[in-house]
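Quick notes on the structure that follows.
The values are calculated or read from the model by the stated rules, or taken from the named source; none is laboratory data. Because the structure is predicted, anything quoted here is derived from the model rather than measured. Because the Cβ atoms are built from the backbone with ideal geometry, glycine has one as well, and the counts that use them run over all protein chains shown.
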Amino acid sequence: MVSLHRRPAPDHHMTTEIRDTAQTSRSSTGRRRLRDRIPPDLEVALLYCLKVFLLVRVGLALLAIVGVTLLPPNEAAGVPGWPAPELTPGWHNLFTSWERWDALWFLRIASSGYDATDGSAAFFPLYPMIVRGVSFGLGGHPLAAALIVSNVAYLVAMVTVYRLTEYEFDTERARNTILFMSIFPTALFFFAPYSESLFLLLAAGSIYAARRDRWITAGLLGALAALTRSVGLVLIVVLAAEALRRWMKREGREPVRLIAMLACAAAVAVGTLSYLVFWNAFDGNWLAPIGEQGNWQRTFAVIPYTLWAGTREAWRYVGQFPGGYHTIDWLVVVPVLLLATWVAFRTPLPYAVYTVASLLLPLSLIFESRPLMSVPRFAVVLFPIYWAMDHFAKRWRSRSTFVGVSAAGLGILTVLFVNWYWIF
């Protein structure tokens, strides 16, 4: 006779432990597989950039909340189709305090498109196009979308500049470059609904690709940069300079190779041309993005005059308000020009061309009553100047001074910006 025995009841604690162990093992394996896909040097770069990003972003957010109560607010300025938000204290300033000046134009364009009669053609389309797409995914929240696009683009740009700097120099300079870039006095525009962060990502990515001999990628990113800002066209010259440098060093100097690289450099113009073609179809005026500069009271000036007039106005208004804007411009622009001089003589040709050529446009197309206006904002994307800052900080053993002065400038300009003062 067969004896039948009752199967012992399962030990639920042991079963749960085995199941948890298996899940932990699978989770750990998944993380390990994910980390295996990320090169160790990229992981180090990402972690460092993320730390700096969060530190500065949280600091600026808190400063924005407090900043709207530190000064009497200046008069707000809305744009056609997008009224200026009411400035009131509160936690909403985590987001709404960044909705200032040109940000309103980008938000209006992202929401309802261009208008041939209001000067909006001066704002190039890639940034508001991306904001529009993200806003659609969020259910129609353009401000939230713009903040997401700007901040994510800046974080990726940080990693790109870090890797590029590490490729050209070393890890220490890469880390210092990211720090100096993130606390530059006008770095607030990287975190606001402006196109600076996207442009920095595309421009640095284009140059990095060219330096790594990836020319199709360089041309594509350059074209997107030119579709983001008018100054993106300088990347044609930057990439062409790198192409000639490579060709001169290559044995045999194959003409076909040079033609291919120059073609990729010329492809940058596709970004600008596509925008001009759009305006020709939209309004029959393909030069509208250029002609609309007149609506912003910009006039041509030779650079020596710009520097002389900017210096004259800066010293005329020392200690005065609101004339102190001229002094602030001067205090940022003069060090930038000195740093750019170091870049011009001490870095490879593409970086010298990018830095110098990018300064020529804002110094040549000026606002007559404030000659250096906007130059500090245009300079923030010139990442080679932060290499120069690192060089002088080490040479003079004054890294803490550089950090302190720059961070103080960022704090002052942020408070002015959130209170609607004319910091461009």
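Details
- On inspection, Trp387 does not qualify as among the aromatic types (Phe, Trp, Tyr), surrounded by fewer than 20 Cβ atoms within 10 Å (Cβ to Cβ), part of a helix (DSSP H, G or I) and at pLDDT 95 or above.
- Search result, residues across region 57-100 that are closer than 25 Å to Glu172 by Cβ and touching a Phe, Trp or Tyr at 6+ places or on another chain (Cβ under 8 Å): Arg57
- The set of residues in region 47-61 that are of a type in the set (A, V, I, L, M) and out of contact with any Leu (no Cβ under 9 Å at 6 or more places or on another chain) comprises Leu47, Leu54, Leu55, Val58.
- Any hit, region 170-182, residues being at pLDDT 95 or above, within 11 Å of the chain's Cα centre (by Cα) and in a helix (DSSP H, G or I): yes
- Flag for Gly67 being among the small types (Gly, Ala, Ser), more than 30 Å from Val270 (Cα to Cα) and crowded, with 17+ Cβ neighbours inside 10 Å: yes
- Unique match (being basic (Lys, Arg) and touching a residue at least 60 places away in the same chain (Cβ under 8 Å)) among Arg229, Arg246, Arg257: Arg229
- On inspection, Ala210 fails the criterion of being touching a residue at least 60 places away in the same chain (Cβ under 8 Å), assigned to a helix (DSSP H, G or I) and surrounded by fewer than 22 Cβ atoms within 10 Å (Cβ to Cβ).
So that you can scan it fast, the table gives a plain yes or no per residue for (1) out of contact with any Leu (no Cβ under 9 Å at 6 or more places or on another chain); (2) among the charged types (D, E, K, R); (3) over 28 Å from Ala223 (Cβ atoms); (4) part of a helix (DSSP H, G or I):
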position	(1), (2), (3), (4)
Thr88	yes, no, yes, no
Trp91	yes, no, yes, no
Glu99	no, yes, yes, no
Leu104	yes, no, no, yes
Arg108	yes, yes, no, yes
Ser111	yes, no, no, yes
Tyr114	yes, no, no, no
Phe136	yes, no, no, yes
Ile148	no, no, no, yes
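- Test: residue in region 351-370 that is modelled with pLDDT under 95 and of a type in the set (Val, Ile, Thr): yes
- Residues being within 22 Å of Leu155 (Cβ to Cβ) and either assigned to a helix (DSSP H, G or I) or of a type in the set (Lys, Arg) (or both) - total across region 359-384: 4
- Any chance Thr272 is hydroxyl-bearing (Ser, Thr, Tyr), on the phi < 0 side of the Ramachandran plot and touching a strand residue (DSSP E or B) at 6+ places or on another chain (Cβ under 8 Å): no
- Note on region 222-240: residues that are of a type in the set (D, E, K, R) and in a helix (DSSP H, G or I) amount to 0.
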